[in-house]
Amino acid sequence: MSFYSWLQHLRSVLGTNRSQRFQRERRMIRAARHRPNLEVLEDRCVPALYAITQLSTLGGYSSYGADLNQVGQVVGSSDTWDGFYHACLWDNGAIIDLGTLGGTSSWAEGVNDLGQVVGSSYLPGDESRHAFLVDPKEGSWFQDNDLDGRNDFMIDLGALDGSDYSWASDINNAGQVVGESFTADGFIRGFLWDAESGMADLGTPSGFFTSSANAINELGQAVVGAAYYADSVWHYGAFLWDAANGMVALGAGPGYTDSPATDIDDAGQVVGYQWEAPYGNSAAFLWTPDSPNGQAGSFNDLGVFPGGIDSRATAINNAGQVVGSGAASDGWGRAFLWDPVNGMVDLNNHLPSGSEVYLEVAQAINDDGAIVANGSNGWDYTDGYLLTPIHGITLTIADAPTVTEGNAGTRAAAFTVTLSEASNQDVTVTYVTADGTAQAGSDYAAVSNGTLTIPAGLTSGTITVLVNGDRLGELNETFFVNLSSPTNATIADDQGVGTIIDDEPRISISDVSKSEGRKGKTTLFTFTVKLSAAYDQAVTMSYRTVNGTATTSASDYIAKTGTLTFAPGETTKTVTIEVKGDSKKEANETFYLDLFGPSNALFTKSRGVGTILNDD
């Protein structure tokens with residue numbers, strides 16, 4: 001195996017070759033563990049729904065979320081208008097460009113509760129790439145006082161042995177940074193950096209060639225992935241490192257040989273994924289020490305994605321909730337959440353109804369259960385999302401059953417609003433209507449500031465919107481009811497759709513195909529015009545013939561125009577066109593009979609095709 005091939009293969013497993021173009025790969029990006037207290041937190045049930053917020057971009061097409069802290073700040077990367085990528089921080093929905101170390105692109109990977117951000121950036125010239133630390137000042141993450149194009153708050157952490165490559169993966173609240181770097185021997189080593197000692201080589205376990213430090217907790221314990229080559233197969237192991245014990249091998253669960261580790265919580269629990277070399281499918285694991293922050297423990301196989309073929313854990317919080325990605329039965333990646341109570345669930349099933357977001361991988365989870373995930377929204381670009389759990393009583397509005405508008409008067413469209421459970425207090429919510437293809441005033445009665453009250457002890461209420469009848473033939477139309485400003489509950493689904501079914505009859509016309517006949521003879525082409533249903537008023541329309549390959553100038557047929565009127569109760573009319581025979585040997589020809597200008601109806605087929613079959 002060439003050095004290049006070896007390096008690419010190693011990076012694909014240990015996570016050191018993060019895509020500069022945000023390819024949809026299952027990166028092992030690690031979530032920072034932030035809370036210093038080490039008590040065991042209570043189990044948290046999977047919430048029924050998550051509120052979902054898309055991470056904005058820096059003018060490009062895609063964003064990528066990598067980590068979040070306890071105050072909900074998210075870090076990751078976004079493409080820019082000029083095609084490069086910059087490390088970003090999203091704070092309360094606002095995107096902050098963290099800039100670079102002077103090169104074209106940068107990527108953020110970890111953030112602590114102080115808002116310190118780590119990742120990597122190209123240096124000027126883009127020949128070298130170094131780990132960085134952004135240390136914000138007074139709520140600001142970017143400053144360029146000397147106008148050199150480099151963020152003054154972005155610190156170059158250097159690289160081991162003065163090499164040209166390093167990558168920072170995680171940072172704890174003490175400012176300890178872990179990652180990986182090339183060394184003088186050309187291999188990759190995990191490192192630990194702090195402000196006092198700088199960058200220290202964590203080395204490799206005995207018999208291993210490489211190492212990569214992936215995450216660090218508040219006690220300074222780090223998880224390290226390492227690799228060795230034997231029997232024509234690369235093997236990957238998980239190791240726990242701390243200053244007192246160095247690297248301690250975690251091994252692998254029963255039936256597995258390889259087990260890269262990706263994250264660690266403050267009690268020393270480790271997550272990652274494992275497989276049996278060389279070709280087995282992977283399964284997420286949770287390793288739990290026998291005592292908090294101990295060096296010996298046991299593996300819990302979290303299994304594969306429900307109904308799928310594999311899974312990979314990327315992060316764990318201090319409540320023992322694990323997130324990652326798995327391959328479903330269709331082969332597509334799905335983001336998952338695992339906890340001891342519910343096991344592994346598909347996060348796509350816990351988004352608000354009507355969401356078009358498709359989550360492929362969950363990257364990080366904080367102790368409040370907020371999740372950073374990446375996926376798509378119907379486009380071929382990667383998008384980052386922040387998922388915020390909705391706890392307590394939630395409100396959901398359903399689409400109204402379809403309403404037939406009628407010819408006059410009004411009919412009611414009923415939207416049912418449902419609580420996730422009964423409340424011991426009255427629940428109120430404000431609602432307004434909004435146009436879709438239906439127009440307020442003419443098609444339905446607008447509501448600008450309605451209030452629905454669901455009394456204590458009940459679980460549902462109804463919002464009624466009046467639909468106006470008319471005699472216009474038109475397409476089916478839609479409008480919306482939007483919820484806002486709830487009391488004693490939160491909104492899980494804020495929009496219901498009302499569909500108005502037009503009940504005026506539909507008009508269609510037949511096609512006719514006949515032989516033209518001999519020269520001097522006339523053949524009658526009779527087109528049938530039908531209404532889909534009888535109507536209580538007259539239905540009128542105009543008609544006219546239109547040349548095709550058959551023309552009136554060539555005396556193929558006689559042009560005709562006129563008006564058809566369906567009296568109340570009638571459903572069928574005919575129009576006859578005279579076709580002139582000839583003795584020419586020619587191809588079959590066509591002309592058209594077009595309907596237009598209907599009253600009290602709508603066309604489903606307004607053009608009849610007349611095909612003149614040559615019989616010479």
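A few points about this structure:
- Of the residues Gly220, Gly207, Gly198, the single one that is at positive phi and crowded, with 17+ Cβ neighbours inside 10 Å is Gly220.
- Segments classed as strands (runs of 3 or more DSSP E), wholly inside the stretch 338-393, with at least 2 members that are closer than 22 Å to Thr57 by Cβ and assigned by TED's automatic domain parsing to the domain that holds Val304: 358-365, 371-376, 383-390
- Failed item in (1) surrounded by 15 or more Cβ atoms within 10 Å (Cβ to Cβ); (2) within 55 Å of the chain's Cα centre (by Cα), with Gln537 passing the rest: (1)
- Checking Gly179, Gly125, Gly186 one by one, the residue that is in a loop (DSSP other than H, G, I, E, B), more than 19 Å from Phe84 (Cβ to Cβ) and out of contact with any Asp or Glu (no Cβ under 7 Å at 6 or more places or on another chain) is Gly186 and no other.
- Flag set for Asp594, criterion: touching a residue at least 12 places away in the same chain (Cβ under 8 Å) and within 25 Å of Glu474 (Cβ to Cβ).
- Just one residue in the set Gly198, Gly190, Gly225 is in the same structural domain as Gln116 (by TED's automatic domain parsing), modelled with pLDDT of 95 or more and touching a strand residue (DSSP E or B) at 6+ places or on another chain (Cβ under 6 Å); that residue is Gly190.
- When Thr523, Thr459, Thr464 are checked against the criterion of being more than 26 Å from Pro598 (Cβ to Cβ) and in contact with a Gly (Cβ under 8 Å, 6 or more places away or on another chain), a single residue qualifies: Thr523.
- Among the conditions (1) loosely packed, with under 15 Cβ neighbours inside 10 Å; (2) more than 31 Å from the chain's Cα centre (by Cα); (3) over 29 Å from Phe479 (Cα atoms); (4) not basic (Lys, Arg), Thr453 misses just one, which is (3).
- Residue within the stretch 587-607 that is in the same structural domain as Arg518 (by TED's automatic domain parsing), part of a loop (DSSP other than H, G, I, E, B) and surrounded by fewer than 16 Cβ atoms within 10 Å (Cβ to Cβ) present: yes
- Residues that are more than 54 Å from the chain's Cα centre (by Cα) and of a type in the set (S, T, N, Q) were ranked within the stretch 555-592; the one that is nearest to Ser513 (Cα to Cα) is Thr576.
- Some residue of the stretch 403-423 being part of a loop (DSSP other than H, G, I, E, B) and either at positive phi or in the same structural domain as Tyr85 (by TED's automatic domain parsing) (or both): yes
- From Asp310, Asp265, Asp258, residue being touching a His at 6+ places or on another chain (Cβ under 6 Å) and buried (at least 18 other Cβ atoms within 10 Å of the Cβ): Asp258
- Output for the stretch 81-117, where each listed residue is within 17 Å of Val71 (Cα to Cα), of a type outside the set (Gly, Ala, Ser) and assigned to a strand (DSSP E or B): Cys88, Leu89, Trp90, Asp91, Ile95, Ile96, Glu109, Val111, Val117
- Of the residues making up the stretch 565-584, those that are part of a strand (DSSP E or B) and surrounded by fewer than 18 Cβ atoms within 10 Å (Cβ to Cβ) are Thr565, Thr572, Thr574, Thr576, Glu578.
The values are calculated or read from the model by the stated rules, or taken from the named source; none is laboratory data. What you see is a predicted model, and the numbers here were worked out from it, not measured in a lab. We place every Cβ from the backbone using ideal geometry, glycine too, and count neighbours over all the protein chains shown.
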